[in-house]
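Structure first, then comments.
The values are calculated or read from the model by the stated rules, or taken from the named source; none is laboratory data. Note that this is a predicted model, so its numbers are computed, not measured. Cβ sites come from the backbone with ideal geometry, for glycine too, and all protein chains shown count toward neighbours.
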Amino acid sequence: MATSKQKNQLIALIATSADPTNWGDTDKFQQFVGLPATEFDEELGKLLSEWQPPVQIEQISPIIQINTLPQPVFPDWSRGRIFTGLVESQMLNINNLMKNAWQHARQAGENQRPTGHEVLATLVKSYVTEKDKMGMTYQVQPADLINGHLGLRELSWLGKDWITLPEPFRKWANGKLLYGWADVVRDDYGYLVVPCLDCRVPLPYVDWCNPGLRWSGYEFALRER
């Protein structure tokens, strides 16, 4: 028969593991705590036979070799990347993404927000919005800010394995749109679109954004350096 100390330890364990949003859990627990000692052991056995401990989610290592991630799947309408010569990151350190996240200077303060095209022109000097045409590609230079930025591959993986990512990163990303400028592509009509991870929902997903829109303060570009 369980000792008083063992019973109290078990009550504490079940109380801290019960789901407060599940009325079945909380009702059973309240009834259990209020039982007289003569019924405690019998009801304890019933409760243990039904109770399921919470699933423990194993947190992944924050440092990932990018070449181990699955290759990205581009939409059927994609006509390919527009950048060549871009220096890609080899390692993905999730704990560094927050401090390395990049924004255009006019995304903060009282400035008029920049369009996605203006953001892109800041990242790649050879890109000029007024001169862009269907089929054009751009050679990235070593000094261009887009070097080291992430793309669809990393965004897709972050979304797929979201619940295993370090909690500080998930808290920081909550409510934001995170962009992968390395993989700007053209659609069927020649327009540019950029992938982003929409973190405004409980389970983030990859979406595609039109650079003709203006970029706000909650929109960040992910990069590794």
Exercise. If you go through the range 147-186, how many residues are farther than 21 Å from residue 68 by Cα and of a type in the set (Gly, Ala, Ser)?
Worked result: 2
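Which of the residues spanning the range 80-95 are crowded, with 17+ Cβ neighbours inside 10 Å and over 14 Å from residue 180 (Cα atoms)?
Result: 94, single match.
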Exercise. Residue check: is residue 218 among the hydroxyl-bearing types (Ser, Thr, Tyr) and over 20 Å from residue 80 (Cα atoms)?
Worked result: yes
Exercise. When you look at residue 150, is it touching a Ser or Thr at 6+ places or on another chain (Cβ under 8 Å), closer than 22 Å to residue 218 by Cβ, modelled with pLDDT of 95 or more and surrounded by 15 or more Cβ atoms within 10 Å (Cβ to Cβ), yes or no?
Worked result: yes
Problem set entry | Only listed residue being in the same structural domain as residue 213 (by TED's automatic domain parsing), closer than 19 Å to residue 182 by Cβ and small (Gly, Ala, Ser), chosen from 135, 116, 109 | 116
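Taking the range 133-152 only, how many residues are touching a helix residue (DSSP H, G or I) at 6+ places or on another chain (Cβ under 8 Å), touching a residue at least 60 places away in the same chain (Cβ under 8 Å) and outside any helix (DSSP H, G or I)?
Of the range 133-152, the ones touching a helix residue (DSSP H, G or I) at 6+ places or on another chain (Cβ under 8 Å) are 144-146, 149-152.
Narrowing further to those that are touching a residue at least 60 places away in the same chain (Cβ under 8 Å): 146, 149-152.
If we keep only those that are outside any helix (DSSP H, G or I) too, we end up with 146, 149-151.
Number of matching residues: 4.
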Seminar exercise, completed: For strands (runs of 3 or more DSSP E) lying entirely in the range 160-225, having 3 or more residues that are touching a residue at least 24 places away in the same chain (Cβ under 8 Å), crowded, with 17+ Cβ neighbours inside 10 Å and within 12 Å of the chain's Cα centre (by Cα) picks out 177-179
